[in-house]
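Visitor: Please find one structure pasted underneath; my questions will follow.
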Amino acid sequence: MSKMFEPLSLGNISLENRVVMAPMTRNRATVDGQATELMATYYAQRASAGLIITEGIQPSVVGQGFMNTPGLHDDKQTESWKQVTGAVHKAGGKIVAQIMHAGRIGHPSLYPSAHASIGPSSIAAQGQTFTPGGMVDYPTPIEMGAGDIKQVIQDFVTVSRNAIAAGFDGVEIHAANGFLLHQFMSDNANRRSDGYGGGIAARTRLTVEVADAVVDAIGAGKTGMRISPANPFNDIVENDTPALYLDLLARLPKLAFLHVMEANNRPQTQEIREQWKGGLLLNPHETPQSGPVSPEIAAPILEADLADAICFGYMFIANPDLPARIKAGGPYGTADADTFYGGDHRGYTDYATL
């Protein structure tokens, strides 16, 4: 039997296989951040994954980065997720909530509250975002004060507790891909001179404090984290990546798993594997030419013990029964890129199974 189909325990979470559904923003939530019946269908269709990691869920109003993304910070949102977790569990799956504070990524025109973004420093991200009025530049965020930092840590705790109340098997703290925690760890988004900026230990401090607080709230066995060393997504610059993540991993508490979004830096992935003693999930991208994660990419990584499980993104969109298709050697469906973000059931819940 392929190692892909061996069971795996990640803290308190037991996986039937090592084919993990990666977090993917699909913008199908209500305008006020509630999960929907359509989302419940979507995730339940993919419950044969060893583990589902949800799309990014904002921990507060100000933490939202995109329109029609879900939250877990009020009672209605928490209640709305119960239909999703219930459907996934009924289908035999496991699901964790990815908690994502977008920080400086976003735009006031995207939200009913029209709020201004916050970030480690008042430095706008280079690039543009899609809004109802078309593509616009990212605005300059408000620099976070000491009170804002305390509030963010508390927001992660509150949402983690809400996730467990909503029936999730755990949470994944999003410290990757240019969002708030990654912004604090970067050189270009964080120009602070207090205890949260400057040297490496100061820049990783917020990520460690969030992890400590969430672990204290719901337990290490239900807490994971996503990182993306050297990933420039959302205008991130790290000039000291190896040392940065060496420091971060050394100071993180014990977690159920660490999820690495690889960015053409396989030697560092190998170093992380050697340093991190807990469960390791990998979204592999060894070279700039590496395409979407496939069984052909995943199998040798597992056999070489570079990771404990592999996160598939693109292939899960058009192949809701991906583990069965991998076992059968295909065929595999092709996803419709025009329906990735927003819309109705088309390109979301209407892909066929074997």
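The values are calculated or read from the model by the stated rules, or taken from the named source; none is laboratory data. Keep in mind that this is a model prediction, so the values were computed, not measured. Positions of Cβ are backbone-derived with ideal geometry, glycine not excepted, and every protein chain shown enters the neighbour counts.
Visitor: Test of understanding: among Leu281, Leu246, which residue is buried (at least 20 other Cβ atoms within 10 Å of the Cβ) and either among the hydrophobic types (A, V, I, L, M, F, W, C) or assigned to a helix (DSSP H, G or I) (or both)?
Guide: Just one listed residue meets the conditions, Leu281.
Visitor: Moving on. Being surrounded by 20 or more Cβ atoms within 10 Å (Cβ to Cβ), touching a strand residue (DSSP E or B) at 6+ places or on another chain (Cβ under 6 Å), part of a helix (DSSP H, G or I) and modelled with pLDDT of 95 or more narrows it down to one of Gln64, Gln77, Gln98, so name that one.
Guide: Gln77
Visitor: Identify, please: which residue in the range 110-129 is surrounded by 12 or more Cβ atoms within 10 Å (Cβ to Cβ) and without any contact (Cβ under 8 Å) to a residue 24 or more places away in the chain and is, among those, nearest to Phe233 (Cα to Cα)?
Guide: Looking at the filtered set, the residue picked out is Gln128.
Visitor: Say whether the condition of being touching a Lys or Arg at 6+ places or on another chain (Cβ under 7 Å) and part of a loop (DSSP other than H, G, I, E, B) is met by at least one residue in the range 265-275.
Guide: no
Visitor: Return only the number of the condition from (1) assigned to a loop (DSSP other than H, G, I, E, B); (2) buried (at least 24 other Cβ atoms within 10 Å of the Cβ); (3) among the charged types (D, E, K, R) that Asp187 does not satisfy.
Guide: (2)
Visitor: Checking the structure you have, find out if any residue of the range 278-285 is at pLDDT 95 or above and over 21 Å from Phe316 (Cα atoms).
Guide: yes
Visitor: Ile53 is checked against (1) aliphatic (A, V, I, L, M); (2) in contact with a helix residue (DSSP H, G or I) (Cβ under 8 Å, 6 or more places away or on another chain); (3) under 20 Å from Arg226 (Cα atoms) and fails just one. What number does that condition carry?
Guide: The failed condition is (2).
Visitor: Please work out which residue is surrounded by the fewest Cβ atoms within 10 Å (Cβ to Cβ), limiting yourself to the range 233-243 and to residues that are over 16 Å from the mean Cα position of the chain (by Cα) and not in a helix (DSSP H, G or I).
Guide: Filtering first and then ranking leaves Asn239.
Visitor: So which pairs qualify, if the first residue must be in the range 293-310 and free of Cβ contacts under 8 Å to residues at least 40 places away in the same chain and farther than 23 Å from Gly224 by Cα, the second must be surrounded by 19 or more Cβ atoms within 10 Å (Cβ to Cβ) and of a type outside the set (Val, Ile, Thr), the Cβ gap must be under 7 Å, and the two must be at least 6 apart or on different chains?
Guide: Ser294/Met315; Ile297/Pro284
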